[in-house]
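**Student:** Have a look at this one.
The values are calculated or read from the model by the stated rules, or taken from the named source; none is laboratory data. Note that the structure is a prediction, hence the values are computed from the model and not measured. Positions of Cβ are generated from backbone atoms using ideal geometry, with glycine treated the same way; all protein chains shown enter the neighbour counts.
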Amino acid sequence: MAVHTGAGRCLTAEDWLLSTLPEPNHERHRRLWAKGLISMLPLGEWFSVVKIPGKLLCAAIGVPDAPDERVDGFLARILGGRPVICDPSIPAYYAVVPKGGDLPASWHQYVAGWHPLGVRYMGRGAWVDVPGPGDVALDVDRFAPYWAVPVSTPPTPCDPRAVVHLIEVLAQAARKEASR
């Protein structure tokens, strides 16, 4: 069994994330991450994201406001420890999913029903703010994006079925709240 140190995990995650960009840009983005800044990465070539409003997650699990470690823990459990970015300035969470061509055929039928909840699939042609792989907790001074659920080794996006299940749980909680 291979043992990966935190530094090794970060390097592997860095390489995976930077694979979305042409090689000459990799070093510039590594420097940004080393300074604690974010990189804007294109979606759709290697992976995509599902944007989930923080208020939707908070309402479903009874947390007053996002970001919150309880939301991060909930997402880690329900998505099997797969990567999720939190942007506390919105607040929103971005579940990293496979690129569009690697998604099940039924995926797009689910996505169409998510718009009333404020949930959005973002793929080819969209960009997302990505923190460095080592930014795994909210920094209250910077209030910048961080990994609510860090990228694993080897880097693996969220299982689309788990994301569908998550959105179904959130939709059910929203319907229940609306009927009160």
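**Student:** Against the condition surrounded by fewer than 16 Cβ atoms within 10 Å (Cβ to Cβ), at pLDDT 90 or above and in contact with an Asp or Glu (Cβ under 7 Å, 6 or more places away or on another chain), how does residue 80 come out, does it pass?
**Tutor:** It is true that residue 80 is surrounded by fewer than 16 Cβ atoms within 10 Å (Cβ to Cβ), at pLDDT 90 or above and in contact with an Asp or Glu (Cβ under 7 Å, 6 or more places away or on another chain).
**Student:** What is the number of the single condition among (1) of a type outside the set (S, T, N, Q); (2) loosely packed, with under 14 Cβ neighbours inside 10 Å; (3) in contact with a helix residue (DSSP H, G or I) (Cβ under 9 Å, 6 or more places away or on another chain) that residue 31 does not meet?
**Tutor:** Just one mismatch for residue 31, condition (3).
**Student:** List every residue pair whose Cβ atoms lie under 8 Å apart, where the two residues are 6 or more positions apart in sequence or sit on different chains, the first residue falls within segment 27-50 and is under 20 Å from residue 137 (Cβ atoms), and the second residue, located anywhere, is part of a loop (DSSP other than H, G, I, E, B) and of a type in the set (Lys, Arg).
**Tutor:** 36/142
**Student:** Give segment 36-54 a look and list any residue that's over 20 Å from residue 114 (Cα atoms) and at pLDDT 90 or above, or say none.
**Tutor:** 36, 37, 38, 39, 40, 41, 42, listed by residue number.
**Student:** Shifting gears a bit: For segment 55-71, does any single residue satisfy the condition of being modelled with pLDDT under 95, buried (at least 20 other Cβ atoms within 10 Å of the Cβ), closer than 14 Å to residue 137 by Cα and small (Gly, Ala, Ser)?
**Tutor:** Checking segment 55-71: at least one residue is modelled with pLDDT under 95, buried (at least 20 other Cβ atoms within 10 Å of the Cβ), closer than 14 Å to residue 137 by Cα and small (Gly, Ala, Ser).
**Student:** Continuing with this model, one more query. When you go through 104, 131 one by one, which is the residue that is closer than 24 Å to residue 14 by Cβ and not charged (D, E, K, R)?
**Tutor:** Every option except 131 fails the conditions.
**Student:** For segment 32-41, state whether one or more residues are under 23 Å from residue 156 (Cβ atoms) and in a helix (DSSP H, G or I).
**Tutor:** yes
**Student:** Being surrounded by fewer than 16 Cβ atoms within 10 Å (Cβ to Cβ) and over 16 Å from residue 74 (Cβ atoms) is the filter here; which residues of segment 160-172 pass it?
**Tutor:** Hit for segment 160-172 is 161, nothing else.
**Student:** A further question follows. Scan segment 109-152 residue by residue and report those that are of a type in the set (S, T, N, Q) and either surrounded by 21 or more Cβ atoms within 10 Å (Cβ to Cβ) or within 15 Å of the chain's Cα centre (by Cα) (or both).
**Tutor:** The one that is of a type in the set (S, T, N, Q) and either surrounded by 21 or more Cβ atoms within 10 Å (Cβ to Cβ) or within 15 Å of the chain's Cα centre (by Cα) (or both): 152.
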